[in-house]
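Undergrad: Quick one: the structure is below, and I'll ask about it shortly.
The values are calculated or read from the model by the stated rules, or taken from the named source; none is laboratory data. Not measured: the values here are computed from a predicted model. Glycine gets a Cβ as well: all are built from the backbone with ideal geometry, and neighbour counts include every protein chain shown. Calculation scope for accessible area: heavy atoms of the full protein, side chains included, ligands and nucleic acids excluded. Shrake-Rupley method; radii C 1.70, N 1.55, O 1.52, S 1.80 Å.
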Amino acid sequence: EAITVLESVTWQVGSTGILTPVGNLRPIGLDGVTVSNVSLHNMDIIRKHNLAIHAPVHITRSGGVIPHVIGRPSDSAYYEIYDELLEEPVEIVAPTVCPECGEPTEIDENTGDARCINELCPGIIRGRLENWCSKPIMNIDGVGPEIINDLMRANLVEWPIDLYRITTELTIDEFIERMGPGYGVAKARNIFESINKSVSKPLENIVAGMGIEGIGPQNAKALVEHAGSLE
């Protein structure tokens with residue numbers, strides 16, 4: 001466990017458009033690694049722990065897992081460790097404008113969480129593609145955030161189905177030309193093979209990859225067992 005300062009908050013747009021707050025910390029050594037950010041999850045967690053920018057924050061990394069917030073310690077607990085004055089705390093509020101596309105967000109009246117409703121928001125596109133390619137879903141090995149960003153820059157993908165259009169409508173040489181520097185034959189072939197291999201995944205993986213809020217692998221499996229087919 002450790003106490004540090006929450007210096008700022010950035011907001012990440014997920015596949016369903018929900019904006020997730022990420023706390024940017026004053027870097028601190030914790031369990032053998034330097035920790036500089038931590039997920040704050042949602043506005044409910046922020047309120048529960050009374051978190052604020054420039055205020056001290058208590059974090060842990062028990063068992064070597066991803067760091068998470070325990071709570072907000074008192075200023076006096078902070079001063080027992082650090083000989084530096086804290087700045088005036090600033091309340092954390094969900095953004096009214098999407099940080100990715102600049103469109104207005106919808107604020108949930110009950111939770112206070114923000115959602116981008118622009119389906120063509122780059123953050124949503126990136127989120128749904130990363131979700132689709134992830135190991136628990138379609139496990140498209142080697143197609144991670146960096147390659148997804150390159151595919152988006154080349155205007156090759158907006159929806160997961162576009163991945164399969166790449167392998168059926170483009171040759172390896174055409175793909176390399178569209179992607180530009182950094183993409184050779186071996187890398188392109190690996191990407192094509194990984195995408196094509198994913199078509200053998202069961203229906204429950206496809207349902208889990210659709211980006212329906214609340215429908216992850218476990219609920220997708222239950223739905224498929226109940227329905228029996230995609231139709």
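Undergrad: Of Glu177, Glu146, Glu109, which residue is out of contact with any helix residue (DSSP H, G or I) (no Cβ under 7 Å at 6 or more places or on another chain), without any contact (Cβ under 8 Å) to a residue 12 or more places away in the chain and surrounded by 12 or more Cβ atoms within 10 Å (Cβ to Cβ)?
TA: Glu177
Undergrad: Go through region 11-61 and give me each residue that's closer than 21 Å to Ser134 by Cβ, surrounded by fewer than 19 Cβ atoms within 10 Å (Cβ to Cβ) and of a type in the set (A, V, I, L, M).
TA: The one that is closer than 21 Å to Ser134 by Cβ, surrounded by fewer than 19 Cβ atoms within 10 Å (Cβ to Cβ) and of a type in the set (A, V, I, L, M): Val22.
Undergrad: Give the residue, chosen from Asp162, Asp150, that is over 17 Å from Ser15 (Cα atoms) and out of contact with any Gly (no Cβ under 7 Å at 6 or more places or on another chain).
TA: Being over 17 Å from Ser15 (Cα atoms) and out of contact with any Gly (no Cβ under 7 Å at 6 or more places or on another chain) holds for just one of Asp162, Asp150, which is Asp150.
Undergrad: Would you check if Asp162 is acidic (Asp, Glu), in contact with a helix residue (DSSP H, G or I) (Cβ under 7 Å, 6 or more places away or on another chain) and at pLDDT 95 or above?
TA: no
Undergrad: Filter region 62-72 for residues that are buried (at least 17 other Cβ atoms within 10 Å of the Cβ) and not charged (D, E, K, R); which is nearest to Ala114 (Cα to Cα)?
TA: Among them, the one singled out is Val69.
Undergrad: Next question, about the same structure. State all residues of region 72-98 that are among the acidic types (Asp, Glu) and assigned to a loop (DSSP other than H, G, I, E, B); if no residue qualifies, say none.
TA: Glu80, Asp83, Glu84, Glu87, Glu88 - these are the residues of region 72-98 that are among the acidic types (Asp, Glu) and assigned to a loop (DSSP other than H, G, I, E, B).
Undergrad: Now for a different question. Scan region 120-135 and tell me whether some residue there is part of a loop (DSSP other than H, G, I, E, B), within 24 Å of Val207 (Cα to Cα) and open to solvent by less than 80 Å² (accessible area, probe 1.4 Å).
TA: Within region 120-135, one or more residues are part of a loop (DSSP other than H, G, I, E, B), within 24 Å of Val207 (Cα to Cα) and open to solvent by less than 80 Å² (accessible area, probe 1.4 Å).
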